[in-house]
Every structure is written in C-alpha cells, then in structure tokens.
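Below is one structure, written out as structure tokens, with a few remarks after it.
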Amino acid sequence: MHDPDSDEMLATLRRKAESLATDALPAEAAAMSAEALARLVHELRVNQIELELQNEELRRTQSELAQTRDRYANLYDFAPAGYFTLDTRGVILEANLKGSTMLGIPRTELIGKPFGVRVARLDQTAFHAGIGRTLDTGLSQTLEVRLTRRDGSRFYAELTTEICTSQDLPPAQTTLRMMVADVSLRCEANETMRQASLILEASPAYLIRYPVIDGEPGPVSFVSSNIARFGFSREDLLSGERSPRSLVHPEDLPRVEAALRDQAASGRNAFALDYRILTKNGQVRYVTDRVQFTRNAAGAVIDVQGLILDVTDSVLARRDLEMVLDSAPIPIVKVRLAEGGDRILEYQNPAAERIFGPMNLGKSCKAYLCNKETCPVLPHA
C-alpha cells in the first residue's frame, strides 16, 4: 500500500536536489580532471542507488505500518467485547463496532455523548463511583450494571475501566478505556440458581453431593442448609465429621449400598431409593432419595448427588390406612378398569380375601364380584 503524500514529498526533494546539483556542477567540473570527474560520477551513482534502496525500504515499512493499522482496526472493531474511550466526565470519545452494536446505536451518534445515559437509573451511582475510583487510584475497576439499548431493552454488562493515554489527545489530558462484556446469560443463570436455592431451602428435601474415590464415597462436597431439619448442620458433613453413610439407618445400609453398586454397574444415572435415616437425636425418618450419578469418559461413577425427601408423614399415614383396612370386618376391594372394558382386582383387604380367595389379585373380578357385564361402581364400565 503506497502513501501518496510520502511519494509526493520524495519527488519534491529529488527535484530540489537535481536543481542544486545542476547549478553547482559546471563551476566545479571546469576545475576537475577527467579522472576526478569520473570518480565524482561514480560516487553520485552509488549515492543514488543507496537513496533508491533506502526509499524502497521506507515504502515497504510504510506499507507494513498501514497493514498493521488495518489489522488493529479490525481487531478493535470486531473484538468480542465493546471498547469505549471516555474522558474524565464519562463522555464517549471513541467506540468500537461491537460496542455500538451492543447498544443498538451507530458510533457517530455515540461520540460526544455521556456513557452514563445508557446506564440504568438504579446503577448510576455505582457507575460514576467506579469511574471515580479509577481516576483516584489509577487502578483498574470492574463493576456490574444494567445497560439500556436504543429500543429500551436492557442487558447486564460487566464494565472494566482503566486509565489510558491516547496519542491523538494532548499528553496532559487523561482518558479512560472501558471494556464492556454482556453477562446477561451468567446473571440470569445466577438468578435461576438463587431462586432454586430458595425453593430448596424451603422444601422438606435436602441436597447432598459427594465424590466417589476408588469406588468408595469421599467426603461431602456440598449439602444444603436444610439438613438442619434432621438435626445436623452443614459443617457436620462438610468437615468430614459425618459421612453420607452415617445418616442411613444401620438396618437399611447394606440394601442401600448394594443398590448403589448395582445401579452403577448397570449404566443408569438416575433412579430412586427408599430407606430410613437417623436424625442427630436418633429419631427414625423415612425418605425417598432421588440419586443422580456423574461418570467420567470411561463410564465410571465419579460423583453422586442425592435429593433426599422426608416422606415420613405419608408413610405413617399409609400404614394407618392399611391398619384400618386390615382390621375392617367388611370386604373392601380396589378395582381398575383395563383396556377393553374388563375390571381387574388390584387390592382386597383380609375380609375380602377370606370370601374371594388370595389368588384373584391382578385378575378379572366381574365373574365373582358382581357377575354383570356393566360394572355397577366404575363409571362407563
């Protein structure tokens, strides 16, 4: 890439040099011998070649500088983050293409405007305080604010400001370089996690996670704070004082460990287990554990997560109901309507079993319960 201004300057200098040489040569040549004149001509030719080589090197250097300038401009414009240059009042002096795209405003309209007008009202104080700290301390500052696009929509942005000196501005004028990164996805994910954590902490279930090391459960890496429902603190488990196994009722522990081994060998990653746990004061509670495995590339389980729900009340209520049904003096049955309209006996209490026999569960009941083609109890049967 040639610089026309540079070429014109070199041509002008050459014309001046030729003019000076032409004016001086006749007087000097008259006093020179032929041999001296030949040496002078030789020296002039050598000098001319040297100047031409230097001129070519200068053109090459100028071309490389222009290419470097173009590459920098492309990197600046198409960087994955927005870049802005601000004065000490926060007025925009420069903006890259990514920055203008993020805000939905052409660069020509951003230049000369205060960047703060794009900051959400509730974040204005934090924004100006961050700029102030950068100017006061000379240190880079990072903060998170909400920015408003031209269409009124907002997004979460991480701003990083630092002091810079621009060659295009007077040396005494301080400017700020600011990088803007869109962190909306991260903020939304954090908010989702926060909401999920609030829901979890208010639920009767607690979450526990621990690694598997050489096939054995390692120390607990995470447990939700509502483990306190069972008398334990998070520190009891995170410190290693309590292991996941220590919470399981001793009578159920062999069955639980065998189920975990079988599921790990089967390749399944999600399943449920029912067992009992012991609270810190020794009370027995019934739980359903929703287990989730994490495996490595070889398929080995490396992490176990359990969402453990206290179902004691429903288990005891079911037992009370079973006791009532078992002791009832009258026959009680549960019938399911199958495809095709047949009725299937799903449950019968002892009184019914004494009348109809123990072999009828899972079979059609119409022949001995009512002997009717249309069920008198089930609708549309």
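Is it true that some residue in segment 261-271 is of a type outside the set (D, E, K, R) and assigned to a loop (DSSP other than H, G, I, E, B)? The answer is yes; a qualifying residue exists.
Which one is surrounded by the fewest Cβ atoms within 10 Å (Cβ to Cβ), of the residues in segment 294-303 that are over 22 Å from the mean Cα position of the chain (by Cα) and not in a loop (DSSP other than H, G, I, E, B)? Among them, the one singled out is Ile302. When both residues are 6+ apart or on different chains and their Cβ atoms are under 6 Å apart, which pairs have a first residue that lies in segment 317-337 and is closer than 20 Å to Gly357 by Cβ, and a second that is charged (D, E, K, R) and open to solvent by less than 90 Å² (accessible area, probe 1.4 Å)? Cβ pairs passing all conditions: Lys334/Glu346; Val335/Arg343; Arg336/Glu346. Count of segment 76-110 residues, restricted to those that are farther than 19 Å from Val183 by Cβ, out of contact with any Asp or Glu (no Cβ under 7 Å at 6 or more places or on another chain) and open to solvent by 10 Å² or more (accessible area, probe 1.4 Å), is 13. Just to be sure I understand the filter: pairs with C-beta atoms under 6 Å, separated by 6 or more residues or on different chains, first member in segment 275-300 and more than 15 Å from Gln263 (Cβ to Cβ), second member outside any loop (DSSP other than H, G, I, E, B) and aromatic (Phe, Trp, Tyr). Which pairs pass? Here the result reads Arg276/Tyr286; Thr279/Phe230, each pair linking segment 275-300 to a residue that is outside any loop (DSSP other than H, G, I, E, B) and aromatic (Phe, Trp, Tyr). For segment 191-220, enumerate the residues that are small (Gly, Ala, Ser), within 17 Å of Leu260 (Cβ to Cβ) and open to solvent by 50 Å² or more (accessible area, probe 1.4 Å). Scanning segment 191-220 gives a single hit, Gly215. With respect to the conditions (1) surrounded by 16 or more Cβ atoms within 10 Å (Cβ to Cβ); (2) at pLDDT 85 or above; (3) of a type in the set (A, V, I, L, M, F, W, C), Ala228 falls short on a single one, namely (1).
The values are calculated or read from the model by the stated rules, or taken from the named source; none is laboratory data. Everything quoted here is computed from the prediction, not taken from an experiment. Positions of Cβ are generated from backbone atoms using ideal geometry, with glycine treated the same way; all protein chains shown enter the neighbour counts. Just the protein is used for accessible areas: all its heavy atoms, side chains included, with ligands, DNA and RNA removed. Shrake-Rupley method; radii C 1.70, N 1.55, O 1.52, S 1.80 Å.
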